[in-house]
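What follows is a short report on a single structure.
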């Protein structure tokens, strides 16, 4: 492949303290044949002014401003403007390591390849790596491998894919008709489902790095509420229905997914999340799978229901505090 153009799509909403780092990580890529589409989704801070300054100094940048409609709408706006051969998404508070695009574009010399995922690393705002006990935003493949559609579900089942729309490069001709749902909290997961259903060959590379910056106010850290719960259930039911239609041989996995979703929402009713009881009743009508009873989840449900979720949290923190005190006492002996 002779130096394909890579379109980098960056949605931005009130990220004045982060967007400069993000854009600079793209314009300073070793790979230079880029189209950088930055969509300001109705920011009320100085994000747009910062974006415009970069547009004035780098003719590869396309700056677009629109009314607030969410990340899905911002990405869709950018997808309408793509002129590149390959496409990747970078959130406006995240970054790419300098050699990421240089390391990965060459893989698309394989004309069958539709998309390839690459590592996700948690960092602080200055790019310094974080050492943290949780890994919801990390993806650390140990080797490079490629696979066809027949193995997509097996890899998801074995947690070999990141399932993120970011930290992935796509062949534009393979995804040009796909769009993100708008007004959904889990637009990434909806999009990933469509990628799995409508493409034929993927890959995972251990080259390159998507630098995920954890920040206060990030959607990843927001608590569950009624709208989020509705979106999550809608997303999971959508995934179950589409996967089972295209990959019917994985019925055991779909039963596992349905059971997991059933108990997840049931637990939210015990936690008294707003609207959870109604959502749970509707969900039971939408799940056309035999559910597997899980004694551990049933026990958890009844503990939360009769002791109260907040009381259980208080008891847990009290026990943790007691355990730390005892450890400190033993160390001083």
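Bear in mind these aren't lab numbers, they're just calculated from the coordinates by the rules spelled out. Since we're looking at a predicted model, the values are computed, not measured. With ideal geometry, Cβ positions are generated from the backbone for all residues, glycine too; neighbour counts draw on all protein chains shown.
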Problem set entry | Inter-site label distance for residue 109 and residue 59 at 7 Å from Cα along Cβ, in nm | 3.0
Exercise. Quick one: length gained pulling residue 299 to residue 226 fully straight, 0.36 nm per residue minus the C-alpha distance?
Worked result: 23.9 nm
Exercise. What FRET efficiency, computed as 1/(1 + (r/R0)^6) with R0 = 41 Å and r the Cβ-Cβ distance, is obtained for residue 140 and residue 177, rounded to the nearest 0.05?
Worked result: 0.80
Exercise. Points 7 angstrom from Cα along the Cβ direction at residue 206 and residue 83: gap in nanometres?
Worked result: 3.9
Exercise. What is the spin-label model distance, in nm, from residue 256 to residue 215 if the labels are put 7 Å beyond Cα along the C-beta direction?
Worked result: 3.6
For this session: Give, in nm to one decimal, the length gained when the segment between residue 321 and residue 150 is fully stretched (0.36 nm per residue of separation minus the Cα-Cα distance).
Result: 56.6 nm
Exercise. Which percent, to the nearest 5, of DSSP beta bridges fully inside the chain are antiparallel?
Worked result: 35
For this session: Specify, per residue and in Å³, the volume enclosed by the convex hull of the alpha carbon atoms belonging to region 26-87.
Result: 89
Exercise. Using 1/(1 + (r/R0)^6) with R0 = 45 angstrom and r between the beta carbons of residue 307 and residue 3, what's the FRET efficiency to the nearest 0.05?
Worked result: 0.10
Exercise. Evaluated at 4 °C with a viscosity of 1.567 mPa s, what Stokes-Einstein diffusion coefficient in µm²/s does region 226-329 have when Rh comes from the Kirkwood expression over alpha-carbon pairs?
Worked result: 83
